[in-house]
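**Student:** Mind looking over this structure? Questions follow.
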Ligand code: ADP
C-alpha cells in the first residue's frame with residue numbers, strides 16, 4: 001500500500017468520512033449454538049466473532065480462586081484475516097491484546113458471584129482492518145451479556161487517532177498505516193469509566209481531550225447498537241411478527 005499524498009482532502013477522509021464519523025457498524029448477538037454466549041461484529045471491514053463459555057468449573061483446578069471466578073480472554077487473528085497470510089497461533093501482539101482485553105472487561109463482570117469458576121472469552125478476528133482490539137472488546141461484552149453473565153454495564157470500545165494533524169474517530173487500515181497516532185479506548189458507557197487506554201504516537205493535551213470526546217461519542221453509538229443487538233435476540237415477538 002503506497003502512502004497517499006493526503007489522508008484528508010477538503011475536510012473528508014479518503015473513505016469519505018468526516019473526522020468524527022465511525023465506520024458502518026453491525027452487531028448480532030447469539031450467533032453460535034454451542035457457546036453459552038456469542039456475538040458477531042462488523043466495523044467497516046473488520047469482522048469479529050466472540051464466544052463465551054461459563055461460568056463453569058475452572059480447569060486446571062489449581063487456577064481456581066476460592067472467592068471469585070477467573071476471567072480468561074483469548075484474542076486470535078485468523079491466518080486469512082490480513083493481506084499477507086498471518087502465521088497461525090499466539091504471538092507477542094495477541095498475548096498483549098488478550099491481556100488488555102481481560103483488563104478492559106473484568107471491571108464490569110460480577111466475578112465474585114462465581115467462586116472456583118472460570119469464564120472463557122474467545123475473540124476470533126476473521127477480517128482485520130485496524131481497530132480489531134476495540135472491536136473484539138465490543139463483541140466480547142455483548143457475548144458475555146448473551147451468556148447471561150451478570151454485569152454492571154456493557155463495555156464499548158473504539159480507537160481514535162491522528163492523521164494529517166487532525167484528530168479522527170475510528171482509524172481504518174490506511175489511516176493506521178500512514179497516520180501518526182493511535183489511541184484505543186474502552187469504557188463503561190453509563191459511568192464513562194475508562195477501562196482501556198493505550199497510546200501509540202503523540203497527542204498534545206488539547207488533541208488528547210478532543211480525542212477522548214470523540215471516543216465518548218463513538219462509544220455512545222456502539223452502546224446503542226450493542227443494546228439493540230441484545231434486544232433483538234431476547235425480545236419476545238408477538239404472534240404473527
Ligand atoms: P488494532 O487491530 O487493534 O488496531 P494494531 O494497531 O496492532 O491493532 O494493528 C492494526 C492493524 O494492522 C490490524 O487491525 C491489522 O489489520 C493489521 N495487522 C496486525 N497484525 C498483523 C499481522 N501479523 N499481519 C498483517 N497485518 C496485521
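The values are calculated or read from the model by the stated rules, or taken from the named source; none is laboratory data. Every value quoted in this text rests on a predicted model; they were computed, and no experiment measured them. Methodologically, a virtual Cβ is constructed for each residue, glycine included, from the backbone with ideal geometry; neighbour enumeration extends over all protein chains shown.
**Student:** Is it the case that residue 123 is surrounded by 15 or more Cβ atoms within 10 Å (Cβ to Cβ), within 13 Å of the ligand (Cβ to nearest atom), under 18 Å from residue 55 (Cα atoms) and modelled with pLDDT of 95 or more? So that I can check it myself, show each step before the final result.
**Tutor:** Details: surrounded by 15 or more Cβ atoms within 10 Å (Cβ to Cβ): yes; within 13 Å of the ligand (Cβ to nearest atom): yes; under 18 Å from residue 55 (Cα atoms): yes; modelled with pLDDT of 95 or more: yes.
Considered against the rule, which asks whether it is surrounded by 15 or more Cβ atoms within 10 Å (Cβ to Cβ), within 13 Å of the ligand (Cβ to nearest atom), under 18 Å from residue 55 (Cα atoms) and modelled with pLDDT of 95 or more, residue 123 comes out as yes.
Yes/no matrix, rows are residues, columns are (1) in contact with a strand residue (DSSP E or B) (Cβ under 6 Å, 6 or more places away or on another chain); (2) surrounded by 15 or more Cβ atoms within 10 Å (Cβ to Cβ); (3) within 22 Å of residue 172 (Cα to Cα):
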| residue | (1), (2), (3) |
| --- | --- |
| 38 | yes, yes, no |
| 67 | no, no, no |
| 96 | no, no, yes |
| 117 | yes, yes, no |
| 127 | yes, yes, yes |
| 144 | yes, yes, no |
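**Student:** So which residues in segment 126-145 are away from the ligand (no atom under 12 Å from the Cβ) and either closer than 13 Å to residue 196 by Cβ or without any contact (Cβ under 8 Å) to a residue 24 or more places away in the chain (or both), if there are any at all?
**Tutor:** The answer is 140, 141.
**Student:** Which residues, taken from segment 167-182, are more than 14 Å from residue 6 (Cα to Cα) and either assigned to a helix (DSSP H, G or I) or modelled with pLDDT under 95 (or both)?
**Tutor:** Matches in segment 167-182: 173 only.
**Student:** Just to confirm my filter: which strands (runs of 3 or more DSSP E) fall fully inside segment 30-97 and include at least 3 residues that are more than 15 Å from the ligand (Cβ to nearest atom) and over 26 Å from residue 198 (Cβ atoms)? Walk me through how you get there before you give the answer.
**Tutor:** Working: elements: 37-43, 46-57, 70-77.
Where strands (runs of 3 or more DSSP E) fall fully within segment 30-97 and carry at least 3 residues being more than 15 Å from the ligand (Cβ to nearest atom) and over 26 Å from residue 198 (Cβ atoms), they are 46-57.
**Student:** Working only within segment 171-208, note down all residues that are under 14 Å from the mean Cα position of the chain (by Cα) and near the ligand (Cβ under 10 Å from one of its atoms).
**Tutor:** Let us first name the residues in segment 171-208 that are under 14 Å from the mean Cα position of the chain (by Cα), namely 171, 183-189, 194-198.
Those that are under 14 Å from the mean Cα position of the chain (by Cα) and near the ligand (Cβ under 10 Å from one of its atoms): 171, 184, 198.
**Student:** May I ask you to say which residue of 58, 77 is buried (at least 20 other Cβ atoms within 10 Å of the Cβ), more than 27 Å from residue 235 (Cα to Cα), in contact with a helix residue (DSSP H, G or I) (Cβ under 7 Å, 6 or more places away or on another chain) and at pLDDT 95 or above?
**Tutor:** Numbers: 58 fails: in contact with a helix residue (DSSP H, G or I) (Cβ under 7 Å, 6 or more places away or on another chain).
Sole residue among the options that is buried (at least 20 other Cβ atoms within 10 Å of the Cβ), more than 27 Å from residue 235 (Cα to Cα), in contact with a helix residue (DSSP H, G or I) (Cβ under 7 Å, 6 or more places away or on another chain) and at pLDDT 95 or above: 77.
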